[in-house]
1. DSSP loop trypsin sites (Lys or Arg not before Pro) in segment A:43-113 with at most 15 other Cβ atoms within 10 Å of their Cβ, which ones?
2. Going by how many other beta carbons lie within 10 Å of each one, how would you line up A:147, A:164, B:197, A:50, fewest first?
3. When only Cα pairs under 8 Å and 6 or more residues apart are kept, what is the percent relative contact order across chain A?
4. Counting pairwise Cα distances across segment B:195-292, what percent come out greater than 22 angstrom?
5. Using Cβ counts within 10 Å as a stand-in for footprinting exposure, how do B:105, B:72 rank, fewest first?
6. Suppose every K and R has +1 on its Cβ and every D and E has -1 on its Cβ; what is the size of the dipole of segment A:65-178 about the Cα centre, in Debye to the nearest 20?
7. Just counting partner chain Cβ atoms within 10 Å, what average do the residues of peptide B:23-32 show around their Cβ?
8. Mean residue ellipticity at 222 nm from the helices of chain A, using -39,500 (n - 2.57) per DSSP H segment of n ≥ 4 over the full residue count, to the nearest 500 deg cm²/dmol?
Amino acid sequence: MKKIVLSALMSVSFLGLIAQKQITREAYLKFYSSTPVEDIEGTTNKASSVLDLATGEFVCQVLMKSFHFEKALMQEHFNENYVESEKYPKAVFKGKILDYGKAIDLSVDQTINKKIKGTLLIHGVEKEIEVDCSATVKKGKITQESVFYVSPADFNIEIPGAVVDKISDKIEVTFKAGYSPL
Amino acid sequence: MKYVCIALLLFSFELSAQDDLLDLLEEEPQIEYAFATFKGTRIINLQSNELPAEGVMQFMIMHRFGALNDDFVYNFFGLEQAQTRFSLDYSFKDWLNVGVGRSSFSKTYDGFAKVRLLRQSKGAKKVPFGIVYYTTVNYSTLRWNDDLPHNESERLSYTHEVILARKFSKNLSLQLVPSFVHFNLVEDRETPNDIFVLGIGGRYKVSNRVAITAEYGLQLNDNFYYNSEGNKTSYNNALSIGVDIETGGHVFQLHATNSRGLADPQWMARTPGSWGTGDVFLGFNISRVFTLKKPKLPEE
């Protein structure tokens, strides 16, 4: 009897709990600013994220310097003048899937559309945001996608007059992550 | 046995109690390279440790107006006596840049190469300063105005520079540039062909897009010629101060300098005028970059 209890406990405590946390260090993030004058795009596939299937909690962080641009000078200006990467090296999102309910079952292929609410930290400024996200389970693997908009002004990112036509005040952010159990 | 169960239970609680998921994302420190030590590939006349990125072509215009002490108003504030240098360079690699230039002073063509040998970094790899090697060959096409026989090689002069640069903070960057200048032809028998110069340069950013710059070319050996009256006259050290203004794809550099020459051997070792006597030239550099080869962007 004791053995059964023990093994049951073990399976709960190890397999169960551990598999509930899903992680990736290769999440894709893109931000895209579009104006009639110029389109600017920064991408990285080095963002990291954890999704807790038990609670619906979700975090994501990225080093600002990991973003790549089509023009080297854009990348330099992005880091040096806009997000000030040396002072504020990371962007961090910490939130929770709203109305999460029951844990997502990885044995059933499915797509779930929900909202995530949390705080986004960029350039040392925290802002509460609520974004749409969709989680897809396929063959026991979970992926998550989200597209949302941020404004540089909300994060105290100053855009000088000379380039005000080149940088949109509504920047599209795309997030895509495929997770593995922690 | 009971204890084992309790321990396991506690352990499992502990796992779930690790509520800050961010702790799971802690990463090992990475190598962080210093970037944007200077805004331009030149501080003013002196080369900075910056190279354009791989696949980027740079066009640069350097311009010096007439001297303040040379009938400044009559010459429309020196605007009518400009010296210029145009250059075009291309970075084959992030660490290799080559280019050509033409200066109006002494009608000189030049070819140059710039190679990054070491990058300043912190984090997983700590390197306190960066090292860049820069070299030029200069070919003057000025017509000979004496009736003496000349070799083509007399038109050539060279520089070798080792650029040691450190970005101390977001705002402050300094560099030392031990340099060697060689002229195949010099004015007088006693004028040295080889001049050692210690370039000293720096910038201080006053805002994200504006920086104050200064540089000095300290000649380490006696560099002189005999003037028309036969008096021994030393060449001066070049001192320049300026402002960098950055707007998108351009860098504007506005400055004042006692050096009129723009090609490296000229400003380092052929500066006759001094600040004290008003031999000061206002000028600017403008650079514009073109991305010829687009870098590969990260994919999903």
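1. Those satisfying the criteria are A:87, A:102.
2. Values: A:147 15, A:164 11, B:197 27, A:50 23.
Lowest count first: A:164, A:147, A:50, B:197.
3. 24
4. Working: 1837 of 4753 pairs.
Result for the distance tail: 39 percent.
5. Numbers: B:105 18, B:72 15.
By the 10 Å Cβ count, ascending, the order reads B:72, B:105.
6. With Lys and Arg at +1 and Asp and Glu at -1, about 620 debye.
7. Numbers: counts 2, 8, 13, 2, 5, 0, 0, 4, 0, 5.
Per-residue shielding by partner chains comes out at 4.
8. Working: 3 runs with 19 residues, N = 182.
The helix-only estimate for chain A comes to -2500 deg cm²/dmol at 222 nm.
FYI, it's all coordinate maths here, none of it is from the lab. It should be emphasised that the depicted structure is a prediction, and the values quoted were computed from it without experimental measurement. For neighbour counting, all protein chains shown are included, and Cβ atoms are generated from backbone atoms with ideal geometry for every residue, glycine included.
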